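Here the structure comes first, spelled out in structure tokens, and everything after it is commentary.
Only the coordinates and a few stated rules stand behind these numbers; no lab work does. No experiment lies behind these values; they were computed from the predicted model shown. Positions of Cβ are generated from backbone atoms using ideal geometry, with glycine treated the same way; all protein chains shown enter the neighbour counts.
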Amino acid sequence: MLCCVDRENCHGKAMSNSQSAGGMLELDPHALIGKGLHRECFVHPEDPSRCIKIVVAGSGNENRREQAYYAALARRGVSFEMLPMFHGLVQTSLGEGAVFDLVRDYDNRISFTLGHYLQSEKLTSAHAAALRQALQDLKNYLLEQRIITMTLKPKNILFQLATAESGKLVIVDNIGNSDFFPIANFSPRLARWKIIRKWRRFERSMRRDYATNKALQQILA
């Protein structure tokens, strides 16, 4: 869902006059940091550590579904180490928005997607050791916490740098089980099977989509 729009102008400065008299948050178009098929993401006008996702195509079902799945995760007491925390729904000048932690690097810049690092073999090579470890850590995290995603895509995963040489992956979209009967939500065995199947698809898609990136092929070997 998230793709870089203009990170150079979004270092977290709070916008003035961001809240109307009725309590509605005014979103500045210049605060847009990501967009997908159904939602756009803005830096929160009053809190640079958070972002707001706005549905721009279709209904608000995606926000509601995500909200319900996050509530289920919270009830299970899972770790949110590799997921942004959900902070509820708010009314904005662009409609209802879902508030999440905004993922930033150690230098306070908004983190780039995994896809950003894989599009450039030079970038992949420079972070090869960190990316290899981060991918393994993410897989282990999903399995240990039994977190199900609809799909895993490099554009929906951020590589958050903890230092210039290390980082972790954070899934920021397509979180939750979209099955009509989400049985895997209640069965650890089915959840594990589903997570492993989706991870294999994820690796295959990366090998296919970045076939010319030799550094990635070595990481996935």
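So what are the ³J(HN,Hα) numbers for the stretch 198-215, from phi and the Karplus equation (6.51, -1.76, 1.60; θ = phi - 60°), rounded to whole Hz, Gly and Pro as x?
5, 5, 4, 5, 4, 5, 4, 5, 5, 4, 6, 6, 10, 4, 8, 8, 5, 5
Please list, ordered by chain and number, the residues whose modelled amide H lies under 5 Å from the amide H of residue 175; skip anything fewer than 5 residues away on the same chain.
Here the answer is 150, since their amide H atoms fall under 5 Å of that of residue 175.
What ³J(HN,Hα) values, in whole Hz, does the Karplus curve 6.51 cos²θ - 1.76 cosθ + 1.60 give for the stretch 172-178 when θ = phi - 60°, with x put for Gly and Pro?
Working through the residues one at a time gives 10, 7, 6, 8, x, 9, 8 Hz.
For a bin width of 10 Å, list the pair-distance distribution of the chain built from all Cα-Cα distances, rounded to whole %.
Taking all Cα pairs of the chain, the binned fractions are 8, 33, 36, 20, 4, 0 percent.
Between 86, 180, 202, find the one with the highest GNM mean-square fluctuation for the chain; connect C-alpha pairs within less than 10 Å.
180
If I take all pairs of Cα atoms in the stretch 112-220, what percentage of them are more than 16 Å from each other? Write down the numbers at each step before the final one.
On the way: 3404 of 5886 pairs.
Within the stretch 112-220, distances greater than 16 Å cover 58 percent of Cα pairs.
Please compute the net charge surrounding residue 176, taking Lys and Arg as +1 and Asp and Glu as -1 over other residues with Cβ under 9 Å from its Cβ.
Values: positive: 65; negative: 66.
With Lys, Arg at +1 and Asp, Glu at -1, the neighbours total 0.
For the chain, what is the number of Lys pairs with C-alpha distance below 16 angstrom, counting only pairs 8 or more positions apart or on separate chains?
14
From the residues 114, 57, 206, which one has its Cα farthest along the dipole of the chain in the positive direction, the dipole being from +1 and -1 charges on Cβ of Lys/Arg and Asp/Glu about the Cα centre?
Highest projection toward the positive end goes to 206.
Give me, ordered by chain and number, the residues 5 or more places off residue 112 or on other chains with an amide H under 5 Å from its own placed amide H.
Answer set, sorted by chain and number: 159.
Helix-derived [θ] at 222 nm for the chain: sum -39500 (n - 2.57) over DSSP H runs of at least 4, divide by residue count, nearest 500? Mind dumping the intermediate values first?
Working: 6 runs with 74 residues, N = 221.
Using -39500 (n - 2.57) per qualifying helix, the result is -10500 deg cm²/dmol.
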